[in-house]
């Protein structure tokens, strides 16, 4: 974050009038009566709580931009002049068998029913936000053909307009969740997995029972939190009828759509959207162990946990309880967060930064290992987008960290690919120069198009969403970049990466 302007940011569409700003408050040094705006205090004076959130909802993702004293950029990756680890047994390293394309970027996580990934990366939770719903076919197909895990986030069933509940208030049919699972299965090739998250509302709705028994989902993720917020998930609703419907389903909807004053404000146009919130969960060891066993008893092959940027107490609880329960994967998400919708100040100002959080994680995992206890496989999330990030996270977390969870970075290529398709439909003139400089046909624009066509056939390419090609292309870049870094460090398999491979710059 630009620490001198905490009351102005593009995410809230605000700006200071003055060139000089009080560092602590973000208020202009000379605040004028009659100012026409548009700092955050100015805008909040008439739009109020609306300014808490990035906007407009459904068309963006946002990420906290606070700058911390120490982060992964302060690490440098080591390269060596000889030696090689991870080569097939009996083979000595030489210039012919240590070419960088020979580096194996595959990894796996889990206890008994392990999941293999073609690259040590997977998506953040793509749940009930409009961005996730609208782009799902691109995200799901892309994860499937790239061979990475796709996490389907919280509240997808609960907000489905076509949701059908049985007499006990449990999910009988959720067409949007069914669509999501079927889309991923269509393109899944054995690498990666589709994970469905559970929060408090999902548990009450019986989402685990529905997706396991009726949709064949094999992995359930329990959720404690994320790096973007320390409260439950939320979305915006631009319909009074829809707000009332979700309120009847048991969600917290604010401002209260049943109040006449709020209904009139909505009718007047002053109140443009309602917020739907999820409940806060409460961690309890006995309840956690019972929930893990309950979900396993439903027939799932794997149970994972997602936790957020909490301090040492909660982190220690998560790691120890996951050890006791032999959880298949623990994803730890650090600050500053990124999301399709979280309170902006919370996104920026709460939680333990990822670098610090991973250091704490390794310290706790080492303590467990020293006692001979089971150490769960770890994934780290919180502000990553490129191959050097992946390498540094794997090195800092060795030998426990198996993969990197990327949120917005894996959504961007899905949206870019989709939009390229829309621009092409509108004609050559609609293509921005950033794209048209490479051509005006998909075969010219996407560098991996013919690779995929050779694998799937030209007819199948007609059905492949262009956003999926975008994700595949981006993951391929991550894979090749990681291969180059690993070869330079003389590490030819992911498990051989160690803390000795990074240094303080």
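A residue that is over 25 Å from residue 402 (Cβ atoms) and in the same structural domain as residue 407 (by TED's automatic domain parsing) cannot be found anywhere in the stretch 105-127. When 142, 90, 127 are checked against the criterion of being crowded, with 17+ Cβ neighbours inside 10 Å and modelled with pLDDT under 95, 127 stands alone in meeting it.
Scanning the stretch 437-445 for any residue that is in contact with a strand residue (DSSP E or B) (Cβ under 9 Å, 6 or more places away or on another chain), modelled with pLDDT of 95 or more and surrounded by fewer than 23 Cβ atoms within 10 Å (Cβ to Cβ) turns up nothing.
Applying the selection to the stretch 164-199, what residues are in a loop (DSSP other than H, G, I, E, B) and either under 24 Å from residue 302 (Cβ atoms) or out of contact with any helix residue (DSSP H, G or I) (no Cβ under 8 Å at 6 or more places or on another chain) (or both)? So that I can check it myself, show each step before the final result.
Taking the stretch 164-199 first, the residues in a loop (DSSP other than H, G, I, E, B) are 166-170, 174, 188-193, 199.
Scanning the stretch 164-199 gives 166, 167, 168, 170, 174, 188, 189, 190, 191, 192, 193, 199.
Whether a residue is on the phi > 0 side of the Ramachandran plot and under 21 Å from the mean Cα position of the chain (by Cα) was assessed, and residue 192 passes this test. Of all residues in the stretch 491-505, at least one satisfies being over 21 Å from residue 105 (Cβ atoms) and at pLDDT below 95.
Residue check: is residue 111 assigned to a loop (DSSP other than H, G, I, E, B), buried (at least 23 other Cβ atoms within 10 Å of the Cβ) and modelled with pLDDT of 95 or more?
Spelling it out, it is not the case that residue 111 is assigned to a loop (DSSP other than H, G, I, E, B), buried (at least 23 other Cβ atoms within 10 Å of the Cβ) and modelled with pLDDT of 95 or more.
For the stretch 267-283, the criterion of a residue being buried (at least 19 other Cβ atoms within 10 Å of the Cβ), assigned to a helix (DSSP H, G or I) and at pLDDT 95 or above is satisfied by no position. Against the numbered list (1) surrounded by 18 or more Cβ atoms within 10 Å (Cβ to Cβ); (2) modelled with pLDDT of 95 or more; (3) over 17 Å from the mean Cα position of the chain (by Cα), residue 350 comes up short only at (2).
Conditions tested, residue by residue: (1) under 30 Å from residue 128 (Cβ atoms); (2) surrounded by 14 or more Cβ atoms within 10 Å (Cβ to Cβ); (3) assigned by TED's automatic domain parsing to the domain that holds residue 408.
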{"position": "9", "(1), (2), (3)": "yes, yes, no"}
{"position": "13", "(1), (2), (3)": "yes, yes, no"}
{"position": "22", "(1), (2), (3)": "no, yes, no"}
{"position": "32", "(1), (2), (3)": "no, no, no"}
{"position": "44", "(1), (2), (3)": "yes, yes, no"}
{"position": "58", "(1), (2), (3)": "yes, yes, no"}
{"position": "80", "(1), (2), (3)": "no, no, yes"}
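When we screen 30, 47, 19 for residues that are outside any loop (DSSP other than H, G, I, E, B) and either out of contact with any strand residue (DSSP E or B) (no Cβ under 7 Å at 6 or more places or on another chain) or farther than 30 Å from residue 231 by Cβ (or both), the only hit is 47. Of all residues in the stretch 320-347, those satisfying the criterion of being crowded, with 24+ Cβ neighbours inside 10 Å and closer than 20 Å to residue 115 by Cβ are 322, 327, 328, 329, 330, 331, 332, 333. Filtering the stretch 139-163 to residues that are within 26 Å of residue 451 (Cα to Cα), assigned to a loop (DSSP other than H, G, I, E, B) and touching a strand residue (DSSP E or B) at 6+ places or on another chain (Cβ under 6 Å) leaves 148, 149.
The values are calculated or read from the model by the stated rules, or taken from the named source; none is laboratory data. In this text, all values refer to a predicted model and were calculated from it rather than measured experimentally. Counting neighbours? That spans all protein chains shown, and the Cβs are built from the backbone with ideal geometry, glycine included.
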